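Before any comments, here is the structure.
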Amino acid sequence: MRASYEVWRDRKGRLSPLRIGVLACLLFPVGLAVWTWYSEGLGARPLNDLIHRTGYWALIFLLVSLAVTPFRRIGRYWQIADVRRMIGVGAFCYVATHLTLYIADQSFDLWKVTTEIAFRLYLTIGFVAWLGFATLAATSTDAMVKRLGGKTWRRVHQLSYGIALLALIHYFQQTKADVSVPTLTAGLFGWLMGYRFLIWWWRREGELSPLELAALTIVVCALTFLAETLGIALVFNAPPFAVLSTALDFSADIRPGWYVLGAGFAVVVLDLVRAWQRKPVSKVARKPVQA
Ligand code: HEM
């Protein structure tokens, strides 16, 4: 048996290198913030800097937790299901800190916090996402899984897609100038959603072929370019074709769509390599996708 705080041990109480590695990744942003604070400081508004950092990493870890199932199925890394909950709870710790820092930034004036959340749309959306996140965290214990039953639990945890979508909207709304990173994050989320949708709609019992994964990647890449082009054209009142040709010009800058294409093809290569290594698509992969 292991104590509940011993997250570096597996269910049998053995030290787990996978869990230790994931814990190190989850703590990396804390180390980075401490290092930046020590070496160059956190800028004129340290609390605001930390609000940005915690929000950003909460979203990244949420997306990583959503990527666990596709990565596990495509890469045939069955053992990584063991760290999905850990990553999700880690993401919640960041988002809980995000809200706490925001309250601290408002000098703990709870009336001001409430009215700001009620009247500023990006904060209202963030708050709804936060409530969803808290629901997921509260239902993440073994006892809750037992109490709700596997089917209901999985349904509740499908909320994570909606939460990620709201968090992305919140991210876009508060970004003032360069939307490259939010666009890239949205593109990667789009790929994950597309993958889930195809498995659900098309091949409930099976896995997507490398060709289908490549087609999904190309479609999501095209949509990422399209969304970025339309966004820039609308905001800056620029001709869309000129914006698109600049975006496609690899020598000018590598735009988010290219990164989405690269990440998607890395997944295709992983699939091919694992198939070549004769890693079977085990029976687990043929079960309906779990959240
Ligand atoms: C009550 C809930 C929330 C509040 C009050 C809140 C508040 C804030 C504030 C004040 C900012 C900085 C805005 C600025 O400086 O102009 C911010 C940024 C951000 N928040 Fe939230 N937020 C909430 C929920 C969330 C949730 C649930 C997520 C994600 C899971 C999230 C992700 C982000 C991200 C990604 C940023 C931008 C980070 C960056 O600039 O790199 N927030 N939020």
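Numerical summary
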quantity	calculated
Extension gain, Ala222 back to Trp111 (0.36 nm per residue minus Cα-Cα distance, nm)	35.5 nm
Choice from Gln173, Gln277, Gln106 with maximal GNM fluctuation in the chain (Cα, 10 Å cutoff)	Gln277
Cβ-based net charge around Leu32, under 13 Å, with every Lys or Arg adding one and every Asp or Glu removing one	-1
Sites Ala104 and Gln158, calculated FRET efficiency, Cβ-Cβ separation with R0 35 Å, nearest 0.05	0.60
Three-way shape call for the chain based on the alpha-carbon gyration tensor, with the a/c threshold at 1.5	oblate
Most to least packed among 185-198, 145-158 [average Cβ atoms within 10 Å]	185-198, 145-158
³J(HN,Hα), Karplus 6.51/-1.76/1.60, whole Hz, each residue of the range 242-251, x for Gly, Pro	5, 4, 5, 5, 5, 5, 7, 6, 4, 6
Efficiency of FRET from Cβ geometry, Tyr122 and Ala44, R₀ 25 Å, rounded to 0.05	0.70
Neighbour-limited loop hits for chymotrypsin sites (Phe, Trp or Tyr not before Pro), the range 1-65 (at most 14 other Cβ within 10 Å; DSSP other than H, G, I, E, B)	Tyr5
Around Val243: net Lys/Arg minus Asp/Glu count, Cβ-Cβ under 15 Å	-3
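Where a number appears in this text, it was derived from the coordinates with a stated rule and is not lab data. A quick note: this is a predicted structure, and the numbers were derived from the prediction, not measured. We place every Cβ from the backbone using ideal geometry, glycine too, and count neighbours over all the protein chains shown.
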